[in-house]
Amino acid sequence: MAADPRFHAGTGPHRLDRIAAAAGLPEGSLAADGARLFEDVAPLHEAGPAQIAFLDGRRHLAALRESQAGAVILPPALAGAVPEGCVALPVASPHLAFARVAALFHPAPAPAAGIHPTASVAPDAVLGEGSEVGPFAVIGAGAVLGARAYVGPHAVIGPGCVFGDDARIHAHASAICCVAGHRVTLHHGARVGQEGFGFTPTPEGRYLTIPQLGRVLLGDEVEIGANACVDRGALGDTVLGPGTRLDNQVQIGHNVTTGRGCVIVAQVGISGSTRLGDYVTIAGQAGLTGHLNIGSKARIGAQAGVQSDVPPGQDVTGSPAMPVKDALRAALFLRKLGARKGAAGPAGAGDLAEQKGPPAGRPGHTD
Amino acid sequence: MAADPRFHAGTGPHRLDRIAAAAGLPEGSLAADGARLFEDVAPLHEAGPAQIAFLDGRRHLAALRESQAGAVILPPALAGAVPEGCVALPVASPHLAFARVAALFHPAPAPAAGIHPTASVAPDAVLGEGSEVGPFAVIGAGAVLGARAYVGPHAVIGPGCVFGDDARIHAHASAICCVAGHRVTLHHGARVGQEGFGFTPTPEGRYLTIPQLGRVLLGDEVEIGANACVDRGALGDTVLGPGTRLDNQVQIGHNVTTGRGCVIVAQVGISGSTRLGDYVTIAGQAGLTGHLNIGSKARIGAQAGVQSDVPPGQDVTGSPAMPVKDALRAALFLRKLGARKGAAGPAGAGDLAEQKGPPAGRPGHTD
Amino acid sequence: MAADPRFHAGTGPHRLDRIAAAAGLPEGSLAADGARLFEDVAPLHEAGPAQIAFLDGRRHLAALRESQAGAVILPPALAGAVPEGCVALPVASPHLAFARVAALFHPAPAPAAGIHPTASVAPDAVLGEGSEVGPFAVIGAGAVLGARAYVGPHAVIGPGCVFGDDARIHAHASAICCVAGHRVTLHHGARVGQEGFGFTPTPEGRYLTIPQLGRVLLGDEVEIGANACVDRGALGDTVLGPGTRLDNQVQIGHNVTTGRGCVIVAQVGISGSTRLGDYVTIAGQAGLTGHLNIGSKARIGAQAGVQSDVPPGQDVTGSPAMPVKDALRAALFLRKLGARKGAAGPAGAGDLAEQKGPPAGRPGHTD
């Protein structure tokens, strides 16, 4: 099935030679097929003769052999496996080539320049040329947006905030105390720049908020996922380096800094003042305590609990986190132990089972 | 205490025979008590003579014996334990019966048909009969809602979206690229249909977004919790089967599919392309990596880390996840080990304690 | 660097004797330095001669020796370590003193009294003196707010809700079925009072929602973090005691109750009907199952999975949670085991590695 035209406008059909050029194939590599017309991209197992599919490895080789796709983007080593009538488009990086071909058929929509009559834009706010401001959006005093900014319905940009060119600030996102580069995206409901969790107990047993006086600085091409949160610095700034991407529901504490190109998957939490180098990858639901240094290109596993520094290039996982090989060895030990009947004594295990119930957290009860 | 009338309008008082009928008791089972009037439902330990309480098992038997409730819904085996003057309403499923009785006293409010003057509704959007659109709601071009839809304040329904009858889209929820069945609920701040976390590195060390060209399909009676996120498919669709319920802050990646009646508790994360069968239960904070198959009626424990397929009907827990009995045995081993003084050598344990600090992640500091 | 004036208006400069008084130093302790003028607060390593810095322990002693700060708030024991020309401001609680000094330079902005013309305020809603209602805010019928309330852009306060004096309800927050004390803060996108996850299966394999008839009660000085969720009670109330603070993305199930001054760090989840005493601390990403009793001053570690009651004053961590010392011993055992080559047999470990891949959950793929 191709993209639903209710949601994704298309520019097709396109000639295969134009598609191949977008995919990065050398000119003239298609011979007679260059003039064939294609209507859209589609998944390998659903694509028809007028659609382009892709695969990136041997895992889907069986699906390739049975595919009805008219052409397939794939690694050169698999080019010989395309079925009769299907054109192979061999490239070194199928994902990258496919992304470019998909964008040929479905370019990101340009903003529809103009300010919706219901939007609330401060008189001294500056909007770059070609910007679109949606219904009920709020842009505060002195805010500055670059060219072709898209500000979705109900988005709130606080006083003094700066966004560069081609910002995409989706519905219900908010940004305060924020200075951002070019091509920055805040997805739906993202929260940027709010007060961090900084307070201190008083002798009377109350808590006093410590004024949070910093900012959030976002490098070029940073993306913040839906309902993710980035607190502003307490003193000094919270900084996300160029190209860093946060998935949905990530939590970034005050004064965290990241280098270039970090990838932080959904539901990760990073506590205050932790510093990431460049190209750090953190898989889903991992948590990092505060004041750590995570070296460049370190990779942190899903659900890891990181409580100490990680050297550059190291892979860690587990909670508490340890090098991946060690964690696998420890996990294997526990798995074997668990599978061995009577290892901990049946009576004891029974007690625990009763206490815990399999699995914990049964929903649906309200008493 | 009964429900606060500022928040929950009531229809009472009702006669006990009507209440018993709602609870599913056979007609005529009440004898003389049928004419007694009851004003509301209430918790067992707070209910008075004009209120209906319930209990579902022996756990609250002591509270039953001391209850002042005028009538109690309970399992038949406990009917003899009601105190003097309290009417027993014995049913096989007390929760279900109580839900129906509570709904008799407090039916879900019907939408107040009409469009708030501040709402922004596209001229070609279609709203079913009896629909209510709240202040500052936004309904995009070509969107179609069925009869009796409720669209709360600030909710955003994107262009082309479809919702069936009796949709409830609460305040601040957003839906784009979404086609939904009947009786679907999006709770406050739920995010449906935004771009998934799909991108690919370029040779220059940047990331290129892969156009996300799919949709979100929601079956009848699906519910999405507050601030939960459901990304649309990359190619093809993200699908939640009929009756599936997501609790608050759940994260569903692109191209995830679920069968019928799955129950997914708060803060669970499911990575892209994982497939759930029917009636899968996932307890709070569990995480599933991508491209897995989880069989029907499998149950996944709280905080489990699932990295491989789960057969139908299997219960797993732990991180990495293993069968529940094995996980309990492994946990018991660790608990016994931990409780044994000197097991790992006091010096070593001391080092670790110093390194980590009990407990990690102390809040409230801002330096 | 001092605070960015685009975002944080300042009241400085101030005389050092006034600053010292705010910090709690006894009058006259400064001698000749009292008349020196200071412009702002700043981090220790960035502060200049006209700025006030602070440190709270020996960890930053090297930074203190090289600091250019004009004055430093610090523990008395470190007062002798300030460099030449820097004034030591010795206090017992540097954090607390710094919070007060920072608030002298940057007091929390008072509401700008008035209702924005785009706000939707019910005719019978009551707003206290000096309240500010921002653009597109919605205040429902019969809602009551105390003096000096701040209601940010797009905030939604449902019918009948009550907030005391000095409420701060930030952009995109929502509250329904909620009764709150004085000085309560809802941060951006916080969700309070929505329906909890309460339903029951029907014989036909569907789920029936159990009417959620309770409220949320918030004590004085409660704070709810950005995108955090607090469900209302099913029957009876969900209650957060005075001074309790929730960080971002915390999830509180129906009928949870906390005592005074609990501190709940980001991404924690607490299931229904669990009860916390006073001053309980829960570190990030921990999860608690339902119906537990957590004693006063208990501390729960990051990512802990708590499935049974915790006595007052006890520190627990791990998943399943156990006393911190035991958990450290168990973790150390696993770490040593993992680091020992061949512990689980190389072949087996290899299998597991292949199955899992280091680290799990690689992002960026869309097939």
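Listed values, structure above:
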{"quantity": "Farthest toward positive dipole pole in the stretch A:14-105 [+1 Lys/Arg, -1 Asp/Glu at C-beta], among A:Ala22, A:Pro49, A:Ala69", "calculated": "A:Ala22"}
{"quantity": "Distances in nm from B:Ala9 to the matching label points in the other copies, shortest first (labels 7 Å along Cα to Cβ)", "calculated": "4.3, 4.3"}
{"quantity": "Selection from A:Leu334, A:Asn293, A:Leu218 lying farthest towards where the dipole of the stretch A:173-335 points positive, charges on Cβ", "calculated": "A:Leu334"}
{"quantity": "A:Thr257, A:Thr317 arranged by Cβ crowding within 10 Å, fewest neighbours leading", "calculated": "A:Thr257, A:Thr317"}
{"quantity": "Sites C:Ser29 and A:Thr202 - FRET efficiency at Förster radius 30 Å, r taken between beta-carbons, to 0.05", "calculated": "0.90"}
{"quantity": "Rg(Cα) / (2.2 N^0.38 Å) computed for the protein assembly as shown, rounded to two decimals", "calculated": "0.93"}
{"quantity": "Ascending list, in nanometres, of distances separating the C:Gly24 label from those of the other copies (7 Å, Cα toward Cβ)", "calculated": "6.0, 6.0"}
{"quantity": "Coarse-grained scattering of the stretch C:173-339 at q = 0.18 Å⁻¹, given as base-10 log I(q)/I(0) from a Debye sum over alpha-carbon atoms", "calculated": "-1.02"}
{"quantity": "Loop-resident sites, the stretch C:1-46, for GluC sites (Glu not before Pro), counting at most 13 other Cβ within 10 Å (DSSP)", "calculated": "C:Glu27"}
{"quantity": "Listed residues C:Val82, C:Val162, C:Val151, most fluctuating in chain C (Gaussian network, C-alpha, under 10 Å)", "calculated": "C:Val82"}
{"quantity": "Where Cα atoms sit under 28 Å apart: lysine pairs in chain A separated by 8 or more or lying on different chains", "calculated": "5"}
{"quantity": "Of all DSSP beta bridges in the protein assembly as shown, antiparallel share, percent nearest 5", "calculated": "10 percent"}
{"quantity": "FRET efficiency for A:Asp4 and B:His291, using Cβ-Cβ distance with R0 set to 22 Å, rounded to 0.05", "calculated": "0.40"}
{"quantity": "Other copies of A:Ala141: label-to-label distances in nm, shortest first, labels 7 Å along the beta-carbon direction", "calculated": "3.7, 3.7"}
{"quantity": "Cut-off under 5 Å, modelled amide H: who pairs with A:Ile169 long-range", "calculated": "A:Tyr150, A:Val151, A:Gly152, A:Leu186"}
{"quantity": "Most mobile listed residue (B:Ala103, B:Ala112, B:Ala180) in chain B, GNM with C-alpha springs under 10 Å", "calculated": "B:Ala103"}
{"quantity": "DSSP beta bridges in chain B [antiparallel fraction, %, rounded to 5]", "calculated": "10 percent"}
{"quantity": "Rounded to 5, the percent of DSSP beta bridges in the stretch C:173-339 classed as antiparallel", "calculated": "10 percent"}
{"quantity": "Estimated inter-spin distance, B:Lys325 and B:Ala79, nm [label 7 Å along Cα→Cβ]", "calculated": "3.8 nm"}
{"quantity": "Cβ crowding within 10 Å averaged over residues, with C:227-238, C:198-209 ranked highest first", "calculated": "C:227-238, C:198-209"}
{"quantity": "Over chain B: helical MRE at 222 nm, DSSP H runs n ≥ 4 each giving -39500 (n - 2.57), nearest 500", "calculated": "-4500 deg cm²/dmol"}
{"quantity": "Dipole axis of chain A (+1 Lys, Arg; -1 Asp, Glu on Cβ), positive-most option in A:Gly85, A:Pro107, A:Ala35", "calculated": "A:Gly85"}
{"quantity": "Chain B shape via C-alpha gyration tensor axes, a/c threshold 1.5", "calculated": "oblate"}
{"quantity": "Choice from C:Gly34, C:Gly313, C:Gly114 with maximal GNM fluctuation in chain C (Cα, 10 Å cutoff)", "calculated": "C:Gly34"}
{"quantity": "Electrostatic dipole magnitude of chain A [Cβ: Lys, Arg +1; Asp, Glu -1; Cα centre; debye, to 20]", "calculated": "1080 debye"}
{"quantity": "The protein assembly as shown - charge dipole about Cα centre, Lys and Arg +1 at Cβ, Asp and Glu -1, debye rounded to 20", "calculated": "3160 debye"}
{"quantity": "Number of partner chain Cβ atoms within 10 Å, mean per residue of C:43-56", "calculated": "2"}
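No value in this document is a laboratory result; all are computed from the given coordinates. Here the structure is a predicted model, which is why all the values come from computation and not from measurement. Glycine also receives a Cβ, built like all others from the backbone with ideal geometry; neighbour counts cover every protein chain displayed.
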